[in-house]
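Engineer: Supplied in structure tokens, the structure appears directly below.
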Amino acid sequence: MRLLLDSHVLLWWLDDDARLAPVRDIVIAAPMVYVSAATVWELALKSSLGKLVLPGPLTGVLAANHFDELPITGAHAEAAVGLPAVHADPFDRMLVAQAAVERLTLVTHDLLLAKYGGALLKV
């Protein structure tokens, strides 16, 4: 199973948060674990606004944790625009689109994303 981590899941991973216990072994065993460039953008933006503190530049953090960065492509952008307005957060909609286009399982705690019908691993 190839995974795409939602932003809060990445933060929980970095904090070794107990909420990840049900899926930690699945993430560790996954052959590919991706973090979207949209997540890097979202978290860097929140950090710049003083809403959260990051452990360092995220690109380095991703590499240190053996996560692969998933760039945003034109196909992802077109898929995101075509999604119904179930979720108002454009970052989450991009993750849904990327997961669909790339056939990834989205790892999230946000049950609203399940309404899009893609492969989802609930934390």
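Nothing in this text is a laboratory measurement; each read-out follows from the coordinates by a stated rule. What you are looking at is a predicted structure, and each value in this text was computed from that prediction instead of being measured. Backbone-built Cβ (ideal geometry, glycine too); neighbour counts: all protein chains shown.
Engineer: Out of segment 1-57, which residues are in contact with a Ser or Thr (Cβ under 9 Å, 6 or more places away or on another chain), in contact (Cβ under 8 Å) with a residue 60 or more places away in the chain and outside any helix (DSSP H, G or I)?
Structural biologist: Met1, Arg2, Leu3, Leu4, Leu5, Asp6, Ser36
Engineer: If you take the residues in segment 73-105 that are out of contact with any Phe, Trp or Tyr (no Cβ under 9 Å at 6 or more places or on another chain) and not in a helix (DSSP H, G or I), which one is nearest to Asp17 (Cα to Cα)?
Structural biologist: Among those that are out of contact with any Phe, Trp or Tyr (no Cβ under 9 Å at 6 or more places or on another chain) and not in a helix (DSSP H, G or I), it is Thr105.
Engineer: In segment 63-76, what count of residues is obtained for those that are of a type in the set (A, V, I, L, M, F, W, C) and surrounded by fewer than 14 Cβ atoms within 10 Å (Cβ to Cβ)?
Structural biologist: 3
Engineer: Just give me the residues in segment 22-57 being in contact with a strand residue (DSSP E or B) (Cβ under 8 Å, 6 or more places away or on another chain) and surrounded by 11 or more Cβ atoms within 10 Å (Cβ to Cβ), in sequence order.
Structural biologist: Once the filter is applied, which keeps residues that are in contact with a strand residue (DSSP E or B) (Cβ under 8 Å, 6 or more places away or on another chain) and surrounded by 11 or more Cβ atoms within 10 Å (Cβ to Cβ), segment 22-57 yields Val23, Ile26, Val27, Ala30, Met32, Val33, Tyr34, Val35, Ser36, Ala37, Thr39, Val40.
Engineer: Restricting the search to segment 77-100, which residues are crowded, with 16+ Cβ neighbours inside 10 Å and under 14 Å from the mean Cα position of the chain (by Cα)?
Structural biologist: Phe91, Asp92, Arg93, Met94, Leu95, Val96, Ala97, Gln98, Ala99, Ala100
Engineer: Continuing with the same structure: Which pairs do you get when a residue that is without any contact (Cβ under 8 Å) to a residue 40 or more places away in the chain, found in segment 79-107, comes within reach of a residue that is surrounded by fewer than 23 Cβ atoms within 10 Å (Cβ to Cβ) and not in a helix (DSSP H, G or I), reach meaning Cβ atoms under 7 angstrom, with the pair 6+ apart or on two chains?
Structural biologist: Hits for this filter: Arg93/Leu83; Arg93/His87; Val96/Leu83; Val96/Gly118; Ala97/Leu83; Ala100/Gly118.
Engineer: Go through (1) closer than 16 Å to Leu120 by Cβ; (2) touching a helix residue (DSSP H, G or I) at 6+ places or on another chain (Cβ under 8 Å) and name the single condition Val35 misses.
Structural biologist: With (1) closer than 16 Å to Leu120 by Cβ; (2) touching a helix residue (DSSP H, G or I) at 6+ places or on another chain (Cβ under 8 Å) applied to Val35, the lone miss is (1).
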